[in-house]
Amino acid sequence: MKKLLLSAIVFTAFASCKDDEKINNQDINYAKLPQEFPFSKLATVNGVDVINGGFGSGATAHPTRKGEFYVITDRGPNTDYLNGKKFPVPNFTPTIMHFKINAEGNIEIIKYIKLKNPSGQPITGLPNPAGMGSTGETAYDSSGNVLGTDNYGLDSESIVAAADGTFWVSDEYGPHIVHYNAEGVELERISPIGVNTGPRKLPAVLAKRRANRGMEGLCITPDGKTLVGTIQSTMYVPTKALATNTTLTRIVTFDIVTGQTKQYLYKQNGGASDSVCDITAISSTEFLVIERDGNFGSQGGSKKVYRINIAGASDVTGTDITAVDGMKINNKALEQSTWDEITNAGIKPVSKVLAVDLVAKLGYEHDKFEGIVYLGNNKLAAFNDDDFGILDDGNGNPKAKILPKTGKVDQGTMYVVDIQ
């Protein structure tokens, strides 16, 4: 607890300085962007190269050094197979990449940080076992042999770089929020399903996330006090069959000092197949949020950023965070209630307006738009997830992930765009 309180003091001190300084991007040379990240080869499976990419599932700025960023991979390369996933590189460790835009305007890699368990051993992206955040998926190797699980395995999706040098990472398995030190060693795991390594926990209802649609986005408010996470899609509350409001998902806030959580409703423009991905803070109540579908930009894909505000929204946590179905209205879970029923109950979702349409503005080609960082002055850094350069061939085997417009293998890329 002393360590957490000290972190909060450091956060606050940093934020008070930052509040006095209007962010100015003029001294960072973004003229050479978009620019691809360099990559090596992880493996070759059935003649298909699996690249050492994946950076772009989430992104954050360095808390004190302008022009420096961190991006994170997810659990690693995988394809759909039977009741789970094939992992062609099963020992892959979710990794943070620290880079900067150098004086010439080029991306320069500073460091790779592999995530580790509390003992300092590298974790994998293999699923958690039952009772520890399992999504029910079985992991297989590329030959179809069953792999084990990993108590500390993470399907990492977003990242916060704190002013004290530590990281907060959100995950789709538990879902978990995990606190790591500067070298990537786990300090604390916060979860709705009872595997917390400290006294704090997330609301129990969050355990009803869809598999692979857990806590997709994470950011921190400018005062350094509150983590803000996005659930990717409608949760299965109370069950998959009864969760009929497929445009409803949730935003969760977590007070770093007290552990208190709040939840807000978010109304998607798309439906059940669309995703609410990364989130980045403008102020303590105003944020930018990604909404996207799974299509390539040149094939009708929708990749949009919305400016949202939680100031006038209703906290739907309820009085008991251990309630497995969360708050109810008319004896129904929120996910099985219509928006009219929700409105009539006096519940207000977060407000939202379009900030930028990346396909219209940039001709954005990628299918996955998953990382954003607000740079100030209405400028936004955007990152894609390249899926390690592979897609599923329909039979659980990898094939090269080719961008239809260019004919090239997809590769992690950083963009900077003006927003409204």
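Derivation of every value follows stated rules applied to the coordinates shown; laboratory data play no part. Predicted model only: the values in this text are computed from it and were never measured. Using ideal geometry, Cβ is built from the backbone for each residue, glycine included, and neighbour counts are taken over all protein chains shown.
Beyond 31 Å, the tail of the calculated P(r) for the chain holds 34 percent of the Cα pairs. Electrostatic tally near ASP410: other residues with Cβ closer than 13 Å to its Cβ, Lys and Arg +1, Asp and Glu -1, net -3. Put a plus charge on the Cβ of each Lys and Arg, a minus charge on the Cβ of each Asp and Glu, and nothing anywhere else: the dipole of the chain about its Cα centre is then about 400 debye.
Cα centroid separation, segment 132-209 to segment 306-333: 23 Å.
Here's the list of lysines a cross-link from LYS401 could span, going by alpha-carbon distance under 28 Å and ignoring same-chain residues fewer than 8 apart: LYS32, LYS41, LYS85, LYS86, LYS100, LYS111, LYS114, LYS303, LYS304, LYS361, LYS368. Length gained on full extension, THR343 to ASP49: 100.8 nm, using 0.36 nm per residue less the C-alpha separation.
Loop exposure criterion: GluC sites (Glu not before Pro), DSSP state outside H, G, I, E and B, at most 10 other Cβ atoms within 10 Å. Applied to the chain, the longest stretch between such sites is 105-420.
The residue among VAL373, GLY346, GLY294 whose Cα reaches farthest toward the positive pole of the charge dipole of segment 2-418, with charges on the beta-carbon of Lys, Arg, Asp and Glu, is GLY346.
Find the centroid of the Cα atoms in segment 347-420 and in segment 44-115, then give the distance between the two in whole Å. Cα centroid to Cα centroid, the span is 15 Å.
A dipole drawn for the chain from +1 and -1 charges on Cβ atoms has a positive end, and of ASN106, PRO88, ALA61 the residue lying farthest that way is ALA61. Between amide H atoms placed 1.01 Å from N, distances below 5 Å from LYS303 occur with LEU358, VAL359, all of them 5 or more places distant or on a separate chain. Ordered by the count of other Cβ atoms within 10 Å of each Cβ, fewest first, LYS368, LYS201 give LYS201, LYS368. Considering helices alone, the calculated mean residue ellipticity of the chain at 222 nm is -2000 deg cm²/dmol, with DSSP H runs of length four and up weighted by -39500 (n - 2.57) and normalised per residue. When TYR180, TYR236 are sorted by how many other C-beta atoms sit within 10 angstrom of their C-beta, beginning with the fewest, the order is TYR236, TYR180.
Partner aspartates and glutamates whose Cα lies under 18 Å from the Cα of LYS408, excluding those fewer than 8 positions away in the same chain, are identified as GLU36, ASP49, GLU365, ASP367, ASP385, ASP386, ASP387, ASP392, ASP393. Charged neighbours of ILE342, selected by a Cβ distance under 13 Å, balance to +2 (K, R count +1; D, E count -1). The residues neighbouring TYR152, those whose beta-carbon lies less than 13 Å from its own, together hold a net charge of -1 under the Lys/Arg +1, Asp/Glu -1 convention.
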